[in-house]
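The structure appears right after this line, and notes come after that.
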Amino acid sequence: MELSIDAPKWRRLRGAARLLDALGASEGQTRYVGGAVRDQLLGIPVNDVDLATKLKPDEVISRLESAKIRAVPTGIEHGTITAISNGHAFEVTTLRKDVSTDGRRATVAFTDDWQEDAARRDFTINALSADPNTGQVHDYFGGKDDLLARHVRFIGDPLERIAEDHLRILRYFRFHARFGEGEMDAAALDACETRANDLMALSRERIADELLKLLSVADPAPTVAVMLDRSILLPVLPEIQPGAIGRLRALVEAERAAGIEGDPLRRLASLLPRDAAPAERVAARLKLSNKARKRLGFAAGGGGEENAMALAYFSGTESAVDRLLLNGQPEAAAEIAVWRAPRLPISGGGLIERGLTPGPAVAKALRAIEERWVASGFPKDSGFDTIVNDAIRSALP
């Protein structure tokens, strides 16, 4: 089946026509590549369009400057230049081939061979390129058929491709979770299992980034189940045991029932033991931010049904929603997601005006009032006055 993209539509993207003309697209020097081509063929909205070109980086810069298009050498050592055309950013990369790889980074040389450049990409569905003039899609490795079949497959020998870049193990599962249907590619799956220990050579930041992207898809549970069955994550995240998949499935269902968007950090918490300490250790190992570390620990630290409003009042809406969903309380999570916590109607100064002596007794009474007020469901007027008066009587000598 012949596939093509809507070339005229893409040319109308802000700044695209100027850029394509500057880079000799009409002469076959430049094409659309990668995810934008794949997503357009799948009917997925395309926001960012990347370009590949036969032109060497210095000529790309020269042409852009002549066309008064700003050129930013964001990755010029690997042939990538960001072109700012009419305020819109496009990544332009010179065709490349790998000279050497060590599993974490590659040394490249420039080429003018489209197939040679496509061959260094990871999966067949990511190796498609498209002519900006005709929309014709160029496919050197059967990517169009794989795309139609929703089949994610490595280009060439999966073991070799993973040896070139160990992160491709996690990328394989992420791409299957997002684009794949049916059984996973047997050769790819066996290779990922065989080389799972290679993940230990990667920075934990790269692992975290890829894992959280995987957990962001609509339903990562089927894919994660295979990963746990094949012990893919065991070398780097031994805390995630096969039994955790039930908690992830339950969380995905709770998110759907509550009408709340799936959250990767919350989903990671579902895969960890219900204990704050190991969750915080995992967050530290993955080099997550302090905010993410606290959130992950809080989410994993719950268990059993909890008072939704009290939870939200003391921990914040986001953390409360995490815990409620993980506890299997989707209705409460849906209510709390749009609930605004009230402010305590009295301050320390108000207690002093009502007879308390300034000092530690005021802070103690204020804490007691707040805790009882929250536990009682935030009563107003006479109900709140009763709580305040009881606290004052208890604090007076």
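Here are a few things to note about the model shown:
- In this structure region 177-316 gives 45 Å² per residue of accessible area when probed at 1.4 Å with all protein chains present.
- Cut-off 13 Å between beta-carbons: net charge of the residues surrounding Thr111, Lys and Arg +1, Asp and Glu -1: 0
- Exceeding the 29 Å Cα-Cα cut-off - candidates Lys97/Lys213; Lys9/Lys144; Lys9/Lys97; Lys97/Lys144: Lys9/Lys97
- Size of charge dipole - the chain - debye, nearest 20, with Cβ of Lys, Arg +1 and Asp, Glu -1, no other charges: 1280 debye
- Residues considered: Met227, Met184, Met200. Largest GNM mean-square fluctuation over the chain, using C-alpha springs under 10 Å, is found at Met200.
- Here the dipole of region 287-383 is about 500 debye; that uses its Cα centre as origin and unit charges on the Cβ of Lys and Arg (positive) and Asp and Glu (negative).
- Equivalent ellipsoid of the chain: semi-axes from √(5λ) of the C-alpha gyration tensor, largest first, are 53, 26, 19 Å.
- Ignoring the sites themselves, the chain has its longest run without GluC sites (Glu not before Pro) in a DSSP loop having at most 11 other Cβ atoms within 10 Å at 3-180.
- Average projection area in nm² (convex hull over Cα atoms of region 301-397, one quarter of hull surface): 7.0 nm²
- Neighbourhood charge, 15 Å Cβ-Cβ cut-off, centred on Ser85 and excluding it, Lys, Arg +1 and Asp, Glu -1: +2
- Heavy atoms of Arg367 accessible to a 1.4 Å probe, total area in Å² rounded to 10: 130 Å²
- About the centre of its Cα atoms, region 14-144 shows a dipole size close to 240 debye [charges on the beta carbon of Lys, Arg (+1) and Asp, Glu (-1) only; nearest 20 debye].
- For a label point 7 Å along the Cα-to-beta-carbon line of Ala250, residues of region 267-286 with backbone N under 17 Å: 267-276
- Candidates Ile240, Ile387, Ile76: whichever shows maximal mean-square fluctuation once the chain is modelled as a Gaussian network with Cα springs under 10 Å: Ile387
- Atom-type composition of the exposed protein surface of region 141-212 places 45 percent of the accessible area on carbon and sulfur (1.4 angstrom probe).
- If you run the Gaussian network model on the chain, springs between alpha carbon atoms under 10 Å, then out of Arg372, Arg249, Arg274 the most flexible one is Arg372.
- Proximal lysines relative to Lys364, as straight alpha-carbon distance under 28 Å, when same-chain residues fewer than 8 apart are discounted: Lys294, Lys380
- When only alpha carbons of region 1-49 are considered, Rg and Dmax amount to 11.1, 32 Å.
- Shape of region 229-360, Cα gyration tensor, a/c cut at 1.5: prolate
- Rounded, prolate or oblate (a/c below 1.5 giving rounded, otherwise prolate when a/b exceeds b/c) for region 90-221 by Cα gyration tensor: oblate
- By the helix-only formula, in which each DSSP H run with n ≥ 4 contributes -39500 (n - 2.57) and the sum is divided by residues, the chain has a 222 nm mean residue ellipticity of -14000 deg cm²/dmol.
- Heavy-atom SASA rank of Asp122, Asp6, Asp112 (probe 1.4 Å, accessible area, largest first): Asp112, Asp6, Asp122
- 3J(HN,Hα) along region 51-57, derived from phi through the Karplus expression 6.51 cos²θ - 1.76 cosθ + 1.60 where θ = phi - 60°, amounts to 10, 10, 9, 6, 5, 6, x Hz, with x in place of Gly and Pro.
- Region 45-130: C-alpha gyration tensor shape, a/c 1.5 cut-off, then a/b vs b/c: prolate
- Computed on protein heavy atoms with a 1.4 Å probe, the accessible areas place His151, His78, His176 in the order His78, His151, His176, largest first.
- Ordering Pro238, Leu311, Ala225 by the projection of their Cα atoms onto the charge dipole of the chain, which places +1 on the Cβ of Lys and Arg and -1 on the Cβ of Asp and Glu, puts Leu311 at the extreme positive end.
- Ser289-Asn197 FRET efficiency (beta carbon distance; Förster radius 25 Å; 0.05 resolution): 0.35
The values are calculated or read from the model by the stated rules, or taken from the named source; none is laboratory data. Nothing here was measured: the structure is a model prediction, and the numbers come from that model. When we count neighbours, we look across all protein chains shown, and the Cβ atoms used for this are built from the backbone with ideal geometry, even at glycine. Calculation scope for accessible area: heavy atoms of the full protein, side chains included, ligands and nucleic acids excluded. Shrake-Rupley method; radii C 1.70, N 1.55, O 1.52, S 1.80 Å.
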